[in-house]
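**Student:** Just passing along the structure, written as structure tokens.
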């Protein structure tokens, strides 16, 4: 089955929140556009670096009326521990059977997606910072590919970024550009 792309409807998937309650992804994009970040695993240095960047730039997303949702694998306790350790303010959900990952076309990595020259320098940079150092799998799969999606309030994908390699995450600027192109709404002021 072909994975959803820009202008397609976003798959509405069931996940689990940190309190072990069922959560539906559409609950997050119905209120405001959502930046949905699928993590490789909670100890991944690249995923941690992306979350730190999003956390540090949170006000820019808030100014555009957008929310950020993180999706990991494993159990609710893994997501809760990650949220606390990273001191991150975003909703963090889990997809224990990776059905949401599959629905968004996020597959298992090939060797060349993990062992590529483009990964070496970002890996070293991430591991120089205490907050983003490799921390083990902590509820996930080393081979899971991550991705970042922007979904508007109609449930339509406005960005579908499936990492080409494990360090290939979109910048804050790329995400803000997509959000800036969304139609303005009275309840969502624009900067």
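Any read-out appearing in this document is the output of simple, stated calculations on the displayed coordinates, not a laboratory observation. Computed from a predicted model, the values in this text were never measured in an experiment. With ideal geometry, Cβ positions are generated from the backbone for all residues, glycine too; neighbour counts draw on all protein chains shown.
**Student:** Consider the range 45-65. How many of its residues are touching a strand residue (DSSP E or B) at 6+ places or on another chain (Cβ under 6 Å) and not in a helix (DSSP H, G or I)?
**Tutor:** The total comes to 1.
**Student:** If a residue must be under 15 Å from the mean Cα position of the chain (by Cα) and at positive phi, how many such residues does the range 75-110 contain?
**Tutor:** Summing the residues that are under 15 Å from the mean Cα position of the chain (by Cα) and at positive phi in the range 75-110 gives 2.
**Student:** Under 9 Å between Cβ atoms, which residue pairs at least 6 apart in sequence (or on different chains) link something in the range 15-31 that is without any contact (Cβ under 8 Å) to a residue 24 or more places away in the chain with a partner that is surrounded by 14 or more Cβ atoms within 10 Å (Cβ to Cβ) and outside any loop (DSSP other than H, G, I, E, B)?
**Tutor:** Hits for this filter: 21/76; 22/15; 22/16; 24/15.
**Student:** May I pose another question? List every residue pair whose Cβ atoms lie under 7 Å apart, where the two residues are 6 or more positions apart in sequence or sit on different chains, the first residue falls within the range 103-120 and is without any contact (Cβ under 8 Å) to a residue 40 or more places away in the chain, and the second residue, located anywhere, is outside any loop (DSSP other than H, G, I, E, B).
**Tutor:** 108/144
**Student:** Run residue 71 past the list (1) buried (at least 19 other Cβ atoms within 10 Å of the Cβ); (2) touching a helix residue (DSSP H, G or I) at 6+ places or on another chain (Cβ under 9 Å); (3) not in a strand (DSSP E or B) and report the number of the one that doesn't hold.
**Tutor:** Single failed check for residue 71: (3).
**Student:** Of these, 82, 42, which one is assigned to a helix (DSSP H, G or I) and surrounded by 14 or more Cβ atoms within 10 Å (Cβ to Cβ)? Explain how you work it out, then say what you get.
**Tutor:** Numbers: 42 fails: assigned to a helix (DSSP H, G or I).
That would be 82, the only listed residue that is assigned to a helix (DSSP H, G or I) and surrounded by 14 or more Cβ atoms within 10 Å (Cβ to Cβ).
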